[in-house]
Amino acid sequence: MNKREFLTRTAVLVGAAATPAFGAQREYSARCAPSPVILTISGSIKRSNRGALDPSFDQLLAKHQIRFSEAYGIDLPLLASMKQVTIRPTIEYDSHQHTFSGPLLTEVLAHVGAPDAGSTQIVMHAVDGYAVMTTLDTVRAYRFILATQMDGKPLPLGGLGPLWAIFDADHLPELATKPLKDRFELSPWGLYHIQVTQA
């Protein structure tokens, strides 16, 4: 089993086992996002704008064994309304620096009422089935952004978008010395779901 498979299977198991205990404090709004949802956040969050996963229509979520009773659907206008952060990491696919922009992941998590404890578990799921688990401490330390643009152009679905959870590995001493292919194991492109679990 390679490292990517191991991380994916571990993350799926954690996501499936997540409990809604934190949900007693949730605020629910029946109004869903006005534009197409590009990111769904579920788990230990205080705010939600949609109900339970419907396996008949939430086909990709169901295929990836994601389950929730409530969640928050985020659209592109909401992400665009948040403060935009720009980074310029060297990425593995062409070994060149590229400019990425988008809001900090911590700001997005705060918007949905995620716990602020550093040990909070964050599982990120990509459209290709890749999943990775990290903690809020790491998200803060790496200054993850939810990139919506690369080199001034929107990240396309079918390419590396529409969202890429990415950080500037060039400026992280523990990562900068690693081979490019090993720097972004915590950085899923095609991100479409985040599971938050209070530790």
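The values are calculated or read from the model by the stated rules, or taken from the named source; none is laboratory data. All values reported here derive from a predicted model rather than from experimental measurement. Quick reminder, even Gly has a Cβ in these numbers, built from the backbone with ideal geometry, and neighbours come from all protein chains shown.
Checking the stated criteria, Gly129 turns out to be of a type outside the set (D, E, K, R), surrounded by fewer than 16 Cβ atoms within 10 Å (Cβ to Cβ), touching a His at 6+ places or on another chain (Cβ under 9 Å) and touching a residue at least 40 places away in the same chain (Cβ under 8 Å). Checking every residue in segment 167-179 against the condition of being more than 17 Å from Glu92 (Cα to Cα) and either touching a residue at least 60 places away in the same chain (Cβ under 8 Å) or of a type in the set (A, V, I, L, M, F, W, C) (or both) gives zero matches.
One residue alone among Pro77, Pro89, Pro103 is of a type outside the set (S, T, N, Q) and either surrounded by fewer than 19 Cβ atoms within 10 Å (Cβ to Cβ) or at positive phi (or both), and that residue is Pro77.
A count restricted to segment 106-119 and to residues that are surrounded by 16 or more Cβ atoms within 10 Å (Cβ to Cβ) and either in a strand (DSSP E or B) or over 14 Å from the mean Cα position of the chain (by Cα) (or both) stands at 2.
Pairing each residue of segment 44-71 that is modelled with pLDDT of 95 or more with any residue that is exposed (fewer than 12 other Cβ atoms within 10 Å of the Cβ) and part of a loop (DSSP other than H, G, I, E, B), provided the two are 6+ apart or on different chains, yields C-beta distances under 6 Å for Asn49/Ser29; Ala62/Pro55. In segment 142-199, how many are assigned to a strand (DSSP E or B) and either aromatic (Phe, Trp, Tyr) or touching a Cys at 6+ places or on another chain (Cβ under 7 Å) (or both)? Residues meeting the conditions: 3.
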